[in-house]
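The block underneath contains the structure these notes are about, expressed in structure tokens.
Derivation of every value follows stated rules applied to the coordinates shown; laboratory data play no part. Every value quoted in this text rests on a predicted model; they were computed, and no experiment measured them. Note that each Cβ is placed from the backbone with ideal geometry, even for glycine, and that neighbours are counted across all protein chains shown.
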Amino acid sequence: MLIQPEANPHWDEHEEVHFFEDAPSGLRAYIAIHSIGPLGISGGGTRMKAYPRDEDALTDALRLSRAMTHKMLLTGASSGGAKCVIIGDPAELKSERLLEALGRAINTLDGRFVAGADVGTTNDDLRSLARFTPYVERTPPTHDVGSEMTARGVLASMLAAAEQKLGSRDLAGVRVAVQGLGKVGASLSRLLHERGAELVLADVDTERAEALAKDLGAGTVPAADVLGEEADIFSPCALGDVIDDDTLERLRCRVVVGAANNPLARSALAETLHGRGILFVPDFVANIGGVLAGAYPSECTTEARRERLAERVVGSVAREVLERASARDITPLEAATQITAERARAAKQKSAGLPQRATRALMGRLWKQRWFARTVMSARTALSNRAVAASG
Ligand code: NAD
């Protein structure tokens, strides 16, 4: 069902917002499409979470789909930004039947939304979902290229920040506190270890933290203490909203850069961090690497290519943001917001031309054809499989 949530402050002129309900499976989901790209599609993750109120799930979908548009613009990807949010605890509600109902819901959008994974859904879920809809990113079973690329992007942003704040891109001996050692945090820690960083690791899953620390010869601290750890760099890779008015006072670092979405409880805290001399690289710059895996699978087929792609795209966006912030004496968040707005305006102007409108209409018609979507998505999966094979 198409809805028009203009009253929601995050509505922000989304192209389409839908609510889907399927009583037999318990599916209740929003799909928010903030922008449809020049090739007639939008992409974004599928989040599954218990929300106190339906309105909170809608707000999450709207905020995250808008952020996806920013990420697509910053990476130069041809998709627009979107997000699917399923209401419910995945441990209790997720089932094959629910994924089938979600697949049917996605099919009604005729390819305007292509689903990826997010918090509460896994790559296995996507492979199940792909039995019911062709409009889904199918990733290989053994290696999560998206999370690895996110970690590589965080590293590239960290190098840009280290250059500006610590005076060198050399991370040897630089003390980095990593909060959250899941798919991205663990991958990032390994990359930092290869560069000789001194690591302090923390996860609420202490066994996970201990095992990784043993592997990398790193130290650990309790999850509750990592934010206040004395370090050159603090890297939030767990949840959002970790820096609020209280926790900000505890920070003992010079740089904050990580994968977690919305690590600041309020955007205004970017000013406070700036005032305290802490360089904060915005999350929607640092964590865009995962988008690259979906947008440029042919450039992700070997480890060396993935490293180059992350540095070329994420590293240069991060440098552009930090250089503008420094030159204009504004926060990196303000600089990143300005750059995204400029790119959005340029993209809008470009897409207003007749050839671009015709291309989008034609591609829209092609995406409607399930055989076309299936062929394109299979080709992308084949490329991702090559990336896995190349990773050993
Ligand atoms: P994940 O679920 O694999 O890992 C999260 C880890 O954080 C888990 O090990 C969990 O135990 C730990 N954790 C939870 N609460 C914690 C706390 N209070 N203190 C310390 N550790 C805690 O998730 P992920 O895929 O690694 O993503 C990490 C973050 O990055 C998320 O916020 C996600 O939205 C964001 N992100 C991920 C990607 C990606 O490609 N996976 C892309 C963009 C953004």
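Label-to-label distance for ALA341 and GLU303 is 4.3 nm, based on points extended 7 Å past Cα in the beta-carbon direction.
Look at the dipole of the chain built from charges on Cβ: of PRO52, ILE33, CYS84, the Cα furthest out on the positive end belongs to ILE33.
Assuming charge only on the beta carbon of Lys and Arg (+1) and of Asp and Glu (-1), the dipole of the chain about its Cα centre is about 1840 debye to the nearest 20.
Overall, region 1-130 carries a charge dipole of about 300 debye about its Cα centre when +1 sits on the Cβ of Lys and Arg and -1 on the Cβ of Asp and Glu, all other atoms neutral.
If you build the convex hull over the alpha carbons only and average its shadow over all orientations, what do you get for the chain? Give it in nm² to one decimal.
Values: hull surface 74.2 nm².
Average projection, Cα convex hull of the chain: 18.6 nm².
Close amide-amide hydrogen proximity is noted between GLY120 and MET48, each under 5 Å apart and 5 or more residues distant or on a separate chain (H modeled in the peptide plane; Pro and chain starts excluded). The C-alpha atoms of the chain define a longest principal axis, and helix 316-328 lies at about 60 degrees to it. Looking at the chain, the DSSP beta bridges with both ends there are about 35 percent antiparallel. Once C-alpha pairs closer than 8 Å and six or more residues apart are averaged by separation and normalised to the residue number of the chain, the relative contact order reads 17 percent.
Based on C-alpha pairs under 8 angstrom that are at least 6 apart in sequence, region 193-242 has a relative contact order of 32 percent.
Fraction of C-alpha pairs exceeding 20 angstrom in region 1-144: 41 percent, rounded to a whole number. Calculated mean residue ellipticity at 222 nm for the chain: -15000 deg cm²/dmol, from DSSP H runs with n ≥ 4 weighted as -39500 (n - 2.57), summed, divided by the residue count and rounded to 500. Modelled spin-label separation between SER267 and PHE372, with each label point placed 7 Å from Cα along the Cα-to-Cβ direction: 3.6 nm. Here the dipole of region 270-356 is about 300 debye; that uses its Cα centre as origin and unit charges on the Cβ of Lys and Arg (positive) and Asp and Glu (negative).
For the chain, the longest principal axis of the Cα atoms and the long axis of helix 354-368 meet at an angle of about 80 degrees. Between LEU279 and VAL255, VAL256, the built amide H atoms are under 5 Å apart, and every one of these is 5 or more places off in sequence or on another chain. Projecting the Cα positions of LEU171, LEU216, SER128 onto the charge dipole of the chain (unit charges on Cβ atoms of Lys, Arg, Asp and Glu, taken about the Cα centre) puts SER128 furthest along the positive direction. Take the alpha-carbon centre of region 270-291, take the same for region 307-322, and report the distance between them in whole Å. With region 270-291 and region 307-322 each reduced to a Cα centre, they are spaced 14 Å. Seen against the Cα atoms of the chain and their longest principal axis, helix 206-216 is set at about 70 degrees. When only Cα pairs below 8 angstrom with a gap of at least 6 residues are kept, region 155-272 shows a relative contact order of 25 percent.
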